[in-house]
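Read the structure below first, then the notes.
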Amino acid sequence: MSDKDKVFIFDTTMRDGEQSPGASMSLEEKIQISRVFDELGIDIIEAGFPIASPGDFEAVKAISKILKNSIPAGLSRANKKDIDACHEALKSAPRFRIHTFISTSPLHMKHKLNKTPEQVVDAIKESVTYARKFTDDVEWSCEDGTRTDMDFMCKIVELAIKSGAKTVNIPDTVGYTTPSEFTKIITTLKNKVPNIDKAILSVHCHNDLGLAVANSLAGVSAGARQVECTINGIGERAGNAALEEIVMAIRTRNDLMPYTTGIKTELLSKASKVVSNATFPVQFNKAIVGKNAFAHEAGIHQDGMLKNRETYEIMTPESVGVKKTSLVMGKHSGRHAFKEKLSDLGYVGVTDDVIQTAFGKFKILADKKKHVYDDDIAALVDDSMVLEKNVINLKSLKVFAGTGEPQKAEMTLDVYGEVKKTSETGDGPVDAIFKCIKILFPHDVKLLLYQVHAVTEGTDAQATVSVRIEENGKTTVGQAADTDTLVASANAYIAALNKMIIKRNKTAPMMELENEKVRGI
Ligand code: KIV
Ligand code: ZN
């Protein structure tokens, strides 16, 4: 296939994706994710918003140094300070992209920016021209593009290209458009903007109406050649278009969408895993990367599958890196086999300490549980990775539950190296456990979610518990697995709390522009 038919994949998991409630990632997590993305074949990785915080700046800087194939990008508003910060963070990469944006809808210009259209036009010219001083690779976005007046959009797209933008991105910032409307927007730009052939048109869709992927693909069919998306579809509010869905739709329906992407689809599961480990779990029925995406439950489907896979399978699990779930190892399996298994399951860059902890837990589990499956091993490693970063750790837990007696928990915690003990009663064992944590590490957070899933089948299955908490508008998610649901509950809450502590310590945004909060885009 010719170059003309290539659709560039611009990933914004670590920028727009990180704006999901509960999705903040540490520097180490971002580095780990970047390595996987680089291998996956993503063309451009938006590594962050450098002016937003020192943490974002450092992440963009570190990622720019390690990418071997992908081009790093940083986001900036339409001002010199933002663009300077972007350049400073990206400059160690041999090639980099500055992505600058400004709102262009009547609503945003008036109420968010408090600027006239003429002032916005001036800001576009100045910002794009300024960014071009640092790199040939400048992308310009018209925020709230799908609610922007079409004649105005044609005029400013032409101006941005004239000022030096090589990529022009049309965001559906609030997830408002539909496939037919978006087709019309892209087609109008292609037909009416005289210099449109001098830039690549890009689409960036949010999922508020569940249409992000459909709208992105409509944009591509109408002539866009870059899609901005995130792994697992994470992102502001209902999220962004999911990278894995875009890529697999193009691959599976290549008869209708004759384009190519550079994505090595067999690595999609691994990418999903590394992102969900750092953020939150993927829903079971999520297309492509959900646990049930290739599971066939109904007898009639299973029968069809046995006769011919294609009866109910439009793509193979192997094509996205899902290996057939196997009965893995038993208690006699050694450390070497365990390590091999981890790499098979897509765990890269796992430290020796984590392997050691996970292997110890595996041995205990193999003693308790008849069958140890791949998913069990994955849960153990995920758990060990969380524990490695904790400043609060569970040392011991005893729970008294059942009928009659009040439910009670006795707990010992290691809090910043100090061992503390307490016992509390509660409205149920989980309530008693959470109360103990609150006594031993006083804090004031709101519990938004408490969820339990069995990792595999059987009453001896491990339970994965997810806990989401909120403090001053910031949310974090903790996950933990154990054959004892109550131990998993305690560890999940503690993991969420540890992440909140990291988040608290992140410095506040470096600057604010007019009435626009840096993160409030
Ligand atoms: O959704 C949006 O408009 C954005 C822009 C900054 C590209 O994320
Ligand atoms: Zn966005």
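Computed values, structure above
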{"item": "Relative contact order [Cα under 8 Å, 6+ residues apart], the range 42-183, whole percent", "result": "19 percent"}
{"item": "Kirkwood Rh and Cα Rg combined as Rg over Rh, evaluated for the chain", "result": "1.00"}
{"item": "Separation of alpha-carbon centers, the range 152-180 and the range 28-72, rounded to whole Å", "result": "25 Å"}
{"item": "DSSP-defined beta bridges in the chain - what % are antiparallel, rounded to 5", "result": "50 percent"}
{"item": "Charged-residue dipole, Cβ positions (Lys, Arg, Asp, Glu), the range 3-278 about Cα centre, Debye nearest 20", "result": "500 debye"}
{"item": "Low-density loop positions, chymotrypsin sites (Phe, Trp or Tyr not before Pro), the range 350-427 - DSSP coil, at most 11 other Cβ in 10 Å", "result": "TYR416"}
{"item": "Mean Cα-pair separation over length for the range 3-278, i.e. relative contact order, pairs under 8 Å, 6 or more apart, %", "result": "21 percent"}
{"item": "Per-residue ³J(HN,Hα) for the range 156-164, Karplus 6.51 cos²θ - 1.76 cosθ + 1.60, θ = phi - 60°, Hz, x for Gly and Pro", "result": "7, 5, 4, 5, 4, 5, 4, 7, x"}
{"item": "With Cα atoms, 0 to 90° folded angle of helix 212-221 axis to the chain main axis", "result": "40 degrees"}
{"item": "Dipole-positive endmost among ALA165, GLY458, ILE231 within the chain (Cβ charges, Cα centre)", "result": "ALA165"}
{"item": "Net dipole in debye of the chain [+1 Lys, Arg Cβ; -1 Asp, Glu Cβ; about Cα centre; nearest 20]", "result": "660 debye"}
{"item": "Long-range amide H partners of ALA241 with built H, under 5 Å", "result": "CYS205, THR230"}
{"item": "Vicinal HN-Hα couplings computed from phi for the range 251-257 (Karplus, 6.51 cos²θ - 1.76 cosθ + 1.60; Hz; Gly/Pro x)", "result": "5, 6, 10, 5, 5, 9, 10"}
{"item": "Dipole of the chain, positive end: most advanced residue of GLY55, ASN472, PHE8 [Cβ charges, Cα centre]", "result": "GLY55"}
{"item": "In the range 357-466, the trypsin sites (Lys or Arg not before Pro) that fall in loop regions by DSSP, at most 14 other Cβ within 10 Å", "result": "LYS370"}
{"item": "Dimensionless Rg over Rh [the range 355-488; C-alpha; Kirkwood]", "result": "0.96"}
{"item": "Cα-centred dipole magnitude for the range 392-519, charges only on beta-carbon of K, R (+1) and D, E (-1), debye, nearest 20", "result": "400 debye"}
{"item": "Net charge over other residues, Cβ less than 11 angstrom from the Cβ of VAL282 (K, R count +1; D, E count -1)", "result": "+2"}
{"item": "Average Cα contact separation per residue, the chain, under 8 Å, 6 or more apart, as relative contact order %", "result": "12 percent"}
{"item": "Cross-link pairs LYS115/LYS474; LYS65/LYS162; LYS339/LYS361; LYS291/LYS369; LYS361/LYS446; LYS474/LYS499 - those with Cα-Cα distance over 19 Å", "result": "LYS115/LYS474; LYS65/LYS162; LYS291/LYS369; LYS361/LYS446"}
{"item": "Value at 222 nm in deg cm²/dmol, rounded to 500, when DSSP H runs of n ≥ 4 in the chain each add -39,500 (n - 2.57)", "result": "-12000 deg cm²/dmol"}
{"item": "Farthest positive-ward along the chain dipole, Cα basis, beta-carbon charges - from VAL193, LEU380, THR183", "result": "VAL193"}
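Here, each number is a calculation from the coordinates, and none is a lab measurement. Predicted model, so just to flag it, every value in this text is computed and none were measured. As a convention, Cβ positions derive from the backbone with ideal geometry for all residues, glycine included, and neighbour counts pool all protein chains shown.
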